1. Please indicate, with yes or no, whether at least one residue in the range 79-88 is of a type in the set (A, V, I, L, M, F, W, C), touching a residue at least 24 places away in the same chain (Cβ under 8 Å) and closer than 21 Å to Pro48 by Cα.
2. Kindly list the number of the only condition in (1) in contact (Cβ under 8 Å) with a residue 24 or more places away in the chain; (2) over 14 Å from Ala8 (Cβ atoms) that fails for Pro51.
3. Given the conditions (1) in a strand (DSSP E or B); (2) more than 14 Å from the chain's Cα centre (by Cα), which single one is not true for Val62?
4. Of all residues in the range 47-64, which are surrounded by 13 or more Cβ atoms within 10 Å (Cβ to Cβ) and within 25 Å of Asp114 (Cβ to Cβ)?
5. Is it true that some residue in the range 95-104 is over 18 Å from Gln82 (Cβ atoms) and in contact (Cβ under 8 Å) with a residue 40 or more places away in the chain?
6. All but one of (1) over 19 Å from Met133 (Cβ atoms); (2) touching a helix residue (DSSP H, G or I) at 6+ places or on another chain (Cβ under 8 Å); (3) at pLDDT below 95 hold for Thr46; which doesn't?
7. Among the residues of the range 4-22, are any in a helix (DSSP H, G or I) and within 23 Å of Pro121 (Cβ to Cβ)?
8. Just to be sure before I move on: is Ala30 touching a helix residue (DSSP H, G or I) at 6+ places or on another chain (Cβ under 7 Å) and not aromatic (Phe, Trp, Tyr) in the structure I sent?
Amino acid sequence: MILVAIGANLPGPDGRSPLETCVAAAAALADLPDFRRIAMSRWYETAPVPPSGQPNYINGVVRLSRTGDATIAPESLLATLQGIERRFGRRRSAPNGARTLDLDLIDIDGLVRDAPDPILPHPRAHLRAFVLMPLLDVAPAWRHPVLGLSGRDLLARVASTDVWTL
């Protein structure tokens, strides 16, 4: 199981709203060769973390699986995700800055690695309701590969008051 978080809070260079960009990015993920989209979460509107005066984000999670005997190195999948981000106008600036699209690799089949990038599981996913809520839509039985806690247990530990279902 491969989990990819999707987020955006700025219009795309083509004028798409953040929601339209996220929907198009989810379609791009579904079209990746050697992968199949298993599930797509609902969309959520979320306040920026940390609070910063930015516009609210749109967030979701896609669950993918490999097709056949396909294998892919985590670095290659990360590069693919960053390529999709660039297609949708992503420019990397300040950490936690506003963005047209953010694709985060949350988990690849429970793989644990501290280096090189991508670090897996995503090092902050368990601290973010805007990741955990949509993750539970697509993988309700998911357990954090390092902490051993369920997504529901992790969600109970974080504030989710600034996350709304669209």
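The values are calculated or read from the model by the stated rules, or taken from the named source; none is laboratory data. Quantities reported herein were computed from a predicted structural model and do not represent experimental measurements. Please note: Cβ atoms are built from the backbone with ideal geometry, for glycine as well, and neighbour counts cover all protein chains shown.
1. The answer is yes; a qualifying residue exists.
2. Here Pro51 clears every test but (1).
3. The single condition Val62 does not satisfy is (2).
4. Val49, Val61, Val62, Arg63, Leu64
5. Among the residues of the range 95-104, not one is over 18 Å from Gln82 (Cβ atoms) and in contact (Cβ under 8 Å) with a residue 40 or more places away in the chain, which makes the answer no.
6. (1)
7. yes
8. Answer is no for this residue.
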